[in-house]
Structures are given as structure tokens and as C-alpha cells.
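Visitor: Input: one structure, supplied below.
The values are calculated or read from the model by the stated rules, or taken from the named source; none is laboratory data. Not measured: the values here are computed from a predicted model. We place every Cβ from the backbone using ideal geometry, glycine too, and count neighbours over all the protein chains shown.
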Amino acid sequence: MKWYRGRRGDRKSGVSWTWVRTVLVAALLLGAACEEASHETVDRWRYTEKGPDKLVRTLGDEALDPDLRAHAAQALVEIDAPQRAMAALAEIPPEPREPIVEKLLVRLWGDAKVSGDMQIPSDRQVAAKDALFEVRALATPAQVARLDGYLIDWLSALYEERARLGRHHGEKIIHAIGARAAPKLIAAARLVVDRPEQGGKLVLVQDLLLRGIAGTGAPEAIGYLLDLAEKRNYPEPTLPVRAMRALGAAYLDTQTPAASAGLEPHVARLEKLADDERLDGEIANLAFELIAASGSARCLPPLLQLVGHRDVVRSWQAVRLALRCRGAEAIVPVVEALPTDRDYERGILEKYLWQLVIPLGSGAADAARKLLGSPSWVARVSGVELIAKLGGKADAAAVKALAHDEAKLRGWWPKGDARRDPTLGDVAQNVAEALEKKQ
């Protein structure tokens with residue numbers, strides 16, 4: 001066809017320029033509508049208004065090659081639409097999705113990988129890292145293992161800087177990966193801890209890295225942080241308490257704590273830290289709490305040892321945590337572990353022991369009845385007082401059997417109270433009489 005220029009057309013040919021323009025636009029639109037998906041068109045669509053919709057359709061087209069579909073998902077990540085990519089992937093059944101994810105992992109890691117350990121990642125690299133973490137939920141176990149390796153490599157170098165970047169921060173990712181992340185994070189910490197003085201300056205291992213190590217939940221990670229907590233005369237004096245705070249952040253200050261299995265091998269070390277009066281009080285307090293967090297299978301023996309601590313504050317702390325850790329089954333051993341060579345004010349026993357026992361349900365009343373026959377006078381009087389609150393008329397006879405118990409309750413009344421110290425028998429007699437009057 002021969003075209004003639006003219007604002008209003010050419011009289012000779014009778015062809016209108018308006019008509020020509022209309023035909024051209026229609027042809028272009030038809031061509032765009034019929035444009036087939038290819039690697040070239042996927043790259044072009046990233047820069048067009050309707051490109052995201054076309055990329056989503058390409059990703060969902062089961063007739064297309066998995067690598068092309070993965071390319072479409074990669075392009076959605078690059079144009080800041082990762083949610084659309086993940087939603088489209090989630091709609092694909094697992095079997096056909098597997099090869100797409102396989103190709104996508106290679107592409108995303110190519111975009112996320114940082115060339116140097118000391119390099120701050122670009123926005124594109126951060127976006128690809130986030131997408132790797134998001135696709136984790138749609139990957140097979142073998143694929144998860146591989147992409148976890150990518151994420152660990154990405155984070156472990158310059159962790160303090162990289163962990164802060166993106167929608168998914170380092171602690172969240174490390175918590176999801178778990179123990180596999182421990183070795184490289186520990187190695188990163190050692191580079192600083194083992195050489196605290198570099199270039200004539202004191203270099204600190206950062207809290208963010210310590211929390212990352214704790215968040216792995218790996219036994220070797222917990223052991224390493226306890227090594228740091230036990231350091232003496234280290235050039236940077238705050239390191240021990242910061243290491244314990246990292247453990248506290250992983251196990252105590254979160255709705256999704258790290259797995260208690262990582263703590264279990266270390267309860268004896270934690271007990272020593274809780275027992276040591278030379279240490280910073282915060283370290284001891286965290287050690288107590290971590291023992292309780294180690295799980296019901298391991299928490300009670302070390303806490304029973306600490307119930308007998310000469311420091312009464314630590315003693316009552318151990319009582320509280322043991323009851324929290326094991327519930328009603330801990331009542332008898334805990335109460336019997338209380339030292340009998342101390343004076344006990346009644347109000348103190350009520351506040352720090354009996355009020356903690358009462359909410360433990362029917363098992364608390366059964367435990368109180370067992371305490372009546374204990375060789376410990378602290379346990380016997382606690383049994384009497386607990387039955388007064390939890391028992392009934394049927395318990396009166398068993399309590400009255402202690403009416404002649406001559407154990408002296410030294411310091412029973414608050415300071416300044418003129419009443420004489422009662423015997424255990426006096427308390428038992430009063431409680432028995434009150435029980436007999438119950439309906």
C-alpha cells in the first residue's frame with residue numbers, strides 16, 4: 001500500500017490520514033493483544049502499565065515452560081509485586097509448582113547474592129532475599145534446605161547490617177530456619193569475640209548477632225552464648241550480660257520462643273549461673289528463667305537445688321519457677337526442699353508459696369494432704385494452711401492429728417507483733433476446729 005502524507009488526506013488517492021492512523025492503532029493493539037509470552041516479552045512487560053497482569057497470567061499458564069513461568073515470578077518481584085507472585089504460585093498445585101519453584105530459586109538467588117562479605121545489599125538484592133523467604137512456604141523439603149542455605153549465606157556476612165533490611169528481618173528468618181543457621185552465625189561472632197582489639201580499638205560483637213545466634217535454638221549456639229556469659233576479665237565487660245539477654249530474647253520475650261531442646265543440655269550450667277552470688281544479678285535472674293524454659297522434663301531438679309539457696313530471694317524465685325514449670329506435681333518436692341533452719345513469717349509463706357499453690361487445681365489439695373505427713377515442719381504447717389483453704393470437713397481429723405506437734409514456728413508473726421510464736425500444733429488445732437464447722 002502506498003501512503004500519501006496530508007493533513008486532511010490526498011484528493012488524488014482519496015485516502016484520509018485519519019483513517020490511516022485508526023488502522024495503525026488498531027493493528028498495534030491487535031498485535032499487543034496477541035503478543036505471546038516469551039522471555040523477551042516478560043522483560044518488556046515489567047515496564048508497561050498492564051505488565052503485572054500479563055506476568056501473573058504467564059505465571060499461571062500451565063501450557064508454558066516452568067522456566068518461563070519462573071521468569072514471570074522473578075519479574076513480579078523486581079517490580080515490587082512479590083505478593084502477586086506468591087499468590088499466583090500458591091494457586092498452582094504442588095506437583096506442577098515444584099519445577100517452577102526450582103527454576104525460581106536459581107533466579108532469585110542470582111538477584112539476591114551479594115558479591116562481597118562487607119557489601120551492603122542493594123534494594124534489588126534485598127527484594128530477592130525477601131522473596132526467597134516467602135517462597136519457602138511453597139517449596140519442597142529439599143528446596144527449603146537449599147534456599148535456607150542461600151538465606152544463611154546472605155545474612156551471616158555483615159549480619160548486623162543485613163538483618164535489618166527488607167520486609168523480613170534477620171531474626172524472623174533465623175527463627176524459621178533454626179539450628180542450621182547456627183554454625184555460620186557463631187563463626188561470625190568469633191571473628192569479633194576472639195579478637196576484641198582490632199587496629200588499636202575495642203570492637204564489640206553486636207546484640208543483633210547475639211540474638212540471631214540465640215534464635216537458632218541450636219544446642220551449640222546456646223552453649224556458645226553461655227561460654228560468653230561465663231567469661232571473666234574480658235576486655236568488654238558487658239559481653240556476659242548481653243549474651244544472657246540474647247538468650248532471654250529468644251526464649252522469654254517472644255510469643256514464639258526457640259525450641260526448648262536447645263536449652264536442655266545446659267541446665268546444669270544454668271543452675272551454676274543462678275547459684276553464683278558473684279555474678280551480675282541480671283545474669284542470675286535470666287539463668288533462673290531459662291531453667292524454667294528448658295521444659296518440664298528437665299526444669300525441676302535444678303530448681304529444687306536452688307530452693308535451698310542461702311539467699312532467700314533466690315530461694316523464693318526457685319519456688320515460683322518450679323511451680324510454674326511442673327504445676328501440682330511439684331508442690332510436695334518444692335515445699336519439702338525449703339530449708340527448715342530458717343524462721344518463716346506466716347505472711348511470707350502465704351505470699352510466696354501458698355498463694356501460688358492454690359490456683360493449681362485439685363492436685364493442690366491432694367498435695368496438701370501428703371504434706372501433713374512430711375518430716376519437714378515447713379511442709380507440715382504448709383499442708384495444714386493449704387487444707388484450711390482447699391479442704392473440707394472430711395480433712396478435719398487428719399489435721400487434728402497434728403494438734404500435739406511441738407515444732408516452734410519462729411518469726412510467725414510480723415515484726416512488732418506482740419503475740420508469742422505458736423507451735424505447729426496450735427495452728428493445726430485452730431484449722432481443725434474451723435474445718436469441723438464447714439458444711
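Visitor: If you take the residues in region 403-439 that are of a type in the set (Gly, Ala, Ser), under 49 Å from the mean Cα position of the chain (by Cα) and within 15 Å of Val378 (Cα to Cα), which one is surrounded by the fewest Cβ atoms within 10 Å (Cβ to Cβ)?
Guide: Per the stated criteria, the residue is Gly411.
Visitor: Given the residues Thr254, Thr340, which is the only one that is without any contact (Cβ under 8 Å) to a residue 40 or more places away in the chain and not assigned by TED's automatic domain parsing to the domain that holds Gln355?
Guide: Thr254
Visitor: Next question, about the same structure. Return the only residue of Leu155, Leu151, Leu132, Leu185 being buried (at least 18 other Cβ atoms within 10 Å of the Cβ), part of a helix (DSSP H, G or I), under 21 Å from the mean Cα position of the chain (by Cα) and not assigned by TED's automatic domain parsing to the domain that holds Pro52. Even if it seems obvious, please write down each step before you answer.
Guide: Details: Leu155 fails: not assigned by TED's automatic domain parsing to the domain that holds Pro52; Leu151 fails: not assigned by TED's automatic domain parsing to the domain that holds Pro52; Leu132 fails: not assigned by TED's automatic domain parsing to the domain that holds Pro52.
Just a single option satisfies the conditions, and that option is Leu185.
Visitor: Within region 340-399, restricting attention to residues that are part of a loop (DSSP other than H, G, I, E, B) and touching a Leu at 6+ places or on another chain (Cβ under 9 Å), which residue is farthest from Gly416 (Cα to Cα)? Even if it seems obvious, please write down each step before you answer.
Guide: Initially, region 340-399 is screened for residues part of a loop (DSSP other than H, G, I, E, B), giving 340-345, 361, 372-376, 391-392.
With touching a Leu at 6+ places or on another chain (Cβ under 9 Å) added as a condition, the list becomes 343-344, 372, 376, 391-392.
Working: Asp343: 15, Tyr344: 15, Leu372: 30, Ser376: 27, Gly391: 32, Gly392: 34 Å.
Checked region 340-399; the qualifying residue farthest from Gly416 (Cα to Cα) is Gly392.
Residue by residue, here is whether (1) hydrophobic (A, V, I, L, M, F, W, C); (2) modelled with pLDDT of 95 or more holds:
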residue	(1), (2)
Val357	yes, yes
Gly361	no, no
Ala364	yes, yes
Ser374	no, yes
Ala397	yes, yes
Lys400	no, yes
Leu424	yes, yes
Glu433	no, yes
Gln439	no, no
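Visitor: Which one of these is among the β-branched types (Val, Ile, Thr), closer than 22 Å to Ile174 by Cβ and in contact (Cβ under 8 Å) with a residue 24 or more places away in the chain: Ile291, Ile222, Ile283? Steps first, answer last, please.
Guide: Numbers: Ile291 fails: closer than 22 Å to Ile174 by Cβ; Ile283 fails: closer than 22 Å to Ile174 by Cβ.
Sole residue among the options that is among the β-branched types (Val, Ile, Thr), closer than 22 Å to Ile174 by Cβ and in contact (Cβ under 8 Å) with a residue 24 or more places away in the chain: Ile222.
Visitor: Can you tell me which residue within region 190-243, out of those that are β-branched (Val, Ile, Thr) and in a helix (DSSP H, G or I), is farthest from Glu264 (Cα to Cα)? Walk me through how you get there before you give the answer.
Guide: Keep residues of region 190-243 that are β-branched (Val, Ile, Thr), which gives 192-193, 203, 205, 213, 216, 222, 238, 241.
Right, trim to in a helix (DSSP H, G or I) and you get 192-193, 213, 222, 241.
Working: Val192: 28, Val193: 25, Ile213: 17, Ile222: 10, Val241: 20 Å.
Only one residue fits best here, namely Val192.
Visitor: Would you check if Ala246 is surrounded by 15 or more Cβ atoms within 10 Å (Cβ to Cβ), part of a helix (DSSP H, G or I) and either of a type in the set (Val, Ile, Thr) or in contact (Cβ under 8 Å) with a residue 24 or more places away in the chain (or both)? Lay out the reasoning, then the answer.
Guide: On the way: surrounded by 15 or more Cβ atoms within 10 Å (Cβ to Cβ): yes; part of a helix (DSSP H, G or I): yes; either of a type in the set (Val, Ile, Thr) or in contact (Cβ under 8 Å) with a residue 24 or more places away in the chain (or both): yes.
Criteria met by Ala246.
Visitor: May I pose another question? Does Val114 count as free of Cβ contacts under 8 Å to residues at least 60 places away in the same chain, β-branched (Val, Ile, Thr) and in a helix (DSSP H, G or I)? Reasoning before the result, please.
Guide: Working: free of Cβ contacts under 8 Å to residues at least 60 places away in the same chain: yes; β-branched (Val, Ile, Thr): yes; in a helix (DSSP H, G or I): no.
Criteria not met by Val114.
Visitor: Answer yes or no as to whether Ser374 is in the same structural domain as Asp421 (by TED's automatic domain parsing), surrounded by 17 or more Cβ atoms within 10 Å (Cβ to Cβ) and either free of Cβ contacts under 8 Å to residues at least 24 places away in the same chain or of a type in the set (S, T, N, Q) (or both).
Guide: Details: in the same structural domain as Asp421 (by TED's automatic domain parsing): yes; surrounded by 17 or more Cβ atoms within 10 Å (Cβ to Cβ): no; either free of Cβ contacts under 8 Å to residues at least 24 places away in the same chain or of a type in the set (S, T, N, Q) (or both): yes.
Answer is no for this residue.
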